[in-house]
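Have a look at the structure below, then the notes.
The values are calculated or read from the model by the stated rules, or taken from the named source; none is laboratory data. Since the structure is predicted, the reported quantities are computational estimates derived from the model, not experimental observations. Cβ sites come from the backbone with ideal geometry, for glycine too, and all protein chains shown count toward neighbours.
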């Protein structure tokens with residue numbers, strides 16, 4: 001009788017072995033290795049998606065636009081550049097604002113973007129006009145025709161004789 005043919009004589013009962021079989025061991029090992037690799041691949045993607053939420057919010061930056069003495073009662077368009085970082089894309093787009101003084105001498109700045117379809121408005125003697133669909137706005141940005149809302153307003157501050165603009169907000173003048 002060879003070693004392969006040797007059987008233990010336990011009567012009619014099969015031999016019970018304790019522990020893992022080879023098949024269970026391989027199944028657990030391969031499953032664990034696969035789960036480890038899947039976690040290793042997915043964690044960077046989850047981090048990439050959640051990272052903007054985890055970043056600390058910083059206050060809006062103020063952009064130096066024009067000297068205070070150049071502001072008149074009639075709105076004037078002033079152009080300025082902002083520095084922005086969108087993911088890995090860095091750019092310095094040129095924006096504009098209509099800046100003027102009200103009857104009380106308070107400075108304010110309006111966004112040139114029409115609230116109807118996003119076209120750029122222009123000043124025409126006593127009102128703002130959108131060339132796309134003929135929307136009209138007052139000097140304070142109040143919507144007169146076509147547009148559903150008033151023009152947005154920039155945060156504005158005066159410091160050392162210069163006008164600084166901050167983030168855009170909903171119009172508080174009308």
message: Can you list the strands (runs of 3 or more DSSP E) lying wholly within segment 126-174 that have 1 or more residues being within 26 Å of residue 66 (Cα to Cα) and out of contact with any helix residue (DSSP H, G or I) (no Cβ under 7 Å at 6 or more places or on another chain)?
response: 127-129, 153-159, 162-169
Close pairs (8 angstrom Cβ cut-off, 6 or more residues apart or separate chains): free of Cβ contacts under 8 Å to residues at least 40 places away in the same chain in segment 149-174, surrounded by 17 or more Cβ atoms within 10 Å (Cβ to Cβ) and part of a strand (DSSP E or B) anywhere: 149/143; 150/137; 150/143; 169/153; 169/154; 170/153; 172/153
- request: Give the residues of segment 64-89 that are touching a strand residue (DSSP E or B) at 6+ places or on another chain (Cβ under 8 Å), farther than 26 Å from residue 140 by Cβ and either in contact (Cβ under 8 Å) with a residue 60 or more places away in the chain or part of a loop (DSSP other than H, G, I, E, B) (or both), sorted by residue number.
  value: 83
query: What number goes with the only condition from (1) touching a residue at least 60 places away in the same chain (Cβ under 8 Å); (2) part of a strand (DSSP E or B) that residue 61 does not pass?
result: (2)
field: So residue 139, is it over 30 Å from residue 51 (Cβ atoms), exposed (fewer than 15 other Cβ atoms within 10 Å of the Cβ), modelled with pLDDT under 95 and in contact with a strand residue (DSSP E or B) (Cβ under 8 Å, 6 or more places away or on another chain)
entry: no
- request: Give the residue, chosen from 157, 169, 149, that is surrounded by fewer than 16 Cβ atoms within 10 Å (Cβ to Cβ) and within 12 Å of residue 111 (Cα to Cα).
  value: 169
message: Pairs needed: first member in segment 11-37, part of a loop (DSSP other than H, G, I, E, B); second member anywhere, modelled with pLDDT under 70; C-beta distance under 8 Å; at least 6 residues apart or different chains.
response: 15/8
message: Checking the condition loosely packed, with under 10 Cβ neighbours inside 10 Å and modelled with pLDDT of 90 or more, which residue from 9, 74, 92, 86 passes?
response: 92
query: Does at least one position in segment 51-60 carry a residue that is under 25 Å from residue 138 (Cβ atoms), in contact with a strand residue (DSSP E or B) (Cβ under 7 Å, 6 or more places away or on another chain) and surrounded by 12 or more Cβ atoms within 10 Å (Cβ to Cβ)?
result: no
- line: Selection from segment 90-101 of residues closer than 20 Å to residue 158 by Cβ and without any contact (Cβ under 8 Å) to a residue 60 or more places away in the chain yields 95, 96, 98, 100, 101
